[in-house]
1. So in the stretch 16-39, with the set limited to residues that are at pLDDT below 90 and surrounded by 13 or more Cβ atoms within 10 Å (Cβ to Cβ), which one is nearest to residue 94 (Cα to Cα)?
2. Do we find that residue 95 is at pLDDT 95 or above, in a helix (DSSP H, G or I) and either out of contact with any helix residue (DSSP H, G or I) (no Cβ under 9 Å at 6 or more places or on another chain) or on the phi < 0 side of the Ramachandran plot (or both) in this structure?
3. Within the stretch 304-326, can you find the residues that are within 20 Å of the chain's Cα centre (by Cα) and crowded, with 21+ Cβ neighbours inside 10 Å?
4. Within the group 409, 381, 445, which residue is under 24 Å from residue 201 (Cβ atoms), surrounded by fewer than 19 Cβ atoms within 10 Å (Cβ to Cβ) and more than 25 Å from the chain's Cα centre (by Cα)?
5. Among the residues of the stretch 98-112, which ones are outside any helix (DSSP H, G or I) and buried (at least 19 other Cβ atoms within 10 Å of the Cβ)?
6. Before we move on, is residue 117 more than 30 Å from residue 198 (Cα to Cα) and under 24 Å from the mean Cα position of the chain (by Cα)?
7. Residues being surrounded by fewer than 18 Cβ atoms within 10 Å (Cβ to Cβ) and assigned to a loop (DSSP other than H, G, I, E, B): count how many of those fall in the stretch 430-442.
8. Hey, which of the strands (runs of 3 or more DSSP E) in the stretch 317-387, taking only ones fully inside, have at least 3 residues that are under 15 Å from residue 296 (Cβ atoms)?
């Protein structure tokens, strides 16, 4: 479905053009492009600004490549290319989001928005797979879950897409509200409320408030899908949403997972609309008389699957069609590898305390000897010391055969202070240094977990591991 100049006039008023005031407002525009390197003739150019670049410096290049029109920030005072059809706007990023909303409103596709402290990407991919019986599904790619990525996903959707699954991340209050107003979802999914970004927001209560901003532009006739039993989430949600809520849970989930300092309140089946039973040894989920093969390991991923199945049910997908559901997740998430006879659990993409706990619980279910490499968890603020101690304490509690901490500073001291009961422990400052201890410890048949925040780049360790 093509946008026309006349629709842009509704947003920003009449266009400006030097030397020619006659403009055909019924002209169809090409794609909306924010990168001049990828611009095609007829595209509409939006120059975005970043910390180290300003897209306005490429306006001349955009015109040379055939840009049909553009938006230009009101404070851009440099001369514009002759003949450039353009609109002056206060903020070009906001203009990009307005265009994405305009495009989204022309489509009949259902928009599903996903956020949460952990498991956003995995749940996004599970929802995409669960909705595939409806037809083609447009979904967020990679980590395009921010102010630029959400409109990018929406602008990539077309009439043939049955649904659009949009992941929404955040670093502070107000961000998810902007993304919700951009996407105008019909279904919102909140995977959990944890401690990721607690250094920026200060408390889990503030994190819950930020995540519940996903309802800011949610269709009043829509639905929020959440895990049951989290009082903090329920409280925050009640303050901003009066519509329908679907709650999911797994049997046996009453209580708190792990130490109180970092564990997520587990879903309470007594408060759930959908209740499943997970059998980790068989890797299956039983729900409403059906048996689903879990495509990803771990109880936490069985819960994520429950959220996806709830969304599918809302959109009329027969759950019986999803019993053999398959999903591809980006690298560094729930990826099992082999190095000779060494079993490697690659969770290197990112880490919050809740995600580390879930990964350690999955490791504990593996046969034979079990080792882990845990790296720094970022953006935890004043809670950082306590939370780094908590994940090592969990490793001790689970009886791991060895642990390498890739960490420095006060967090490193904190991790080392509770590691004494472990038979093997090493503290290093880089992924490369971790290889020395591991190559000395590991034996055939062992299982090794790698988990750290993105900034640690723990994947650099993988090629240095030797076949035991």
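The values are calculated or read from the model by the stated rules, or taken from the named source; none is laboratory data. Quick caveat, the model's predicted, so the values are computed rather than measured. When we count neighbours, we look across all protein chains shown, and the Cβ atoms used for this are built from the backbone with ideal geometry, even at glycine.
1. 31
2. On the way: at pLDDT 95 or above: yes; in a helix (DSSP H, G or I): yes; either out of contact with any helix residue (DSSP H, G or I) (no Cβ under 9 Å at 6 or more places or on another chain) or on the phi < 0 side of the Ramachandran plot (or both): yes.
Criteria met by residue 95.
3. 304, 305, 306, 307, 308, 309, 310, 311, 312 - these are the residues of the stretch 304-326 that are within 20 Å of the chain's Cα centre (by Cα) and crowded, with 21+ Cβ neighbours inside 10 Å.
4. Being under 24 Å from residue 201 (Cβ atoms), surrounded by fewer than 19 Cβ atoms within 10 Å (Cβ to Cβ) and more than 25 Å from the chain's Cα centre (by Cα) holds for just one of 409, 381, 445, which is 409.
5. 109, 110, 111, 112
6. Answer is no for this residue.
7. 1
8. Passing ranges, in order: 335-339, 342-347.
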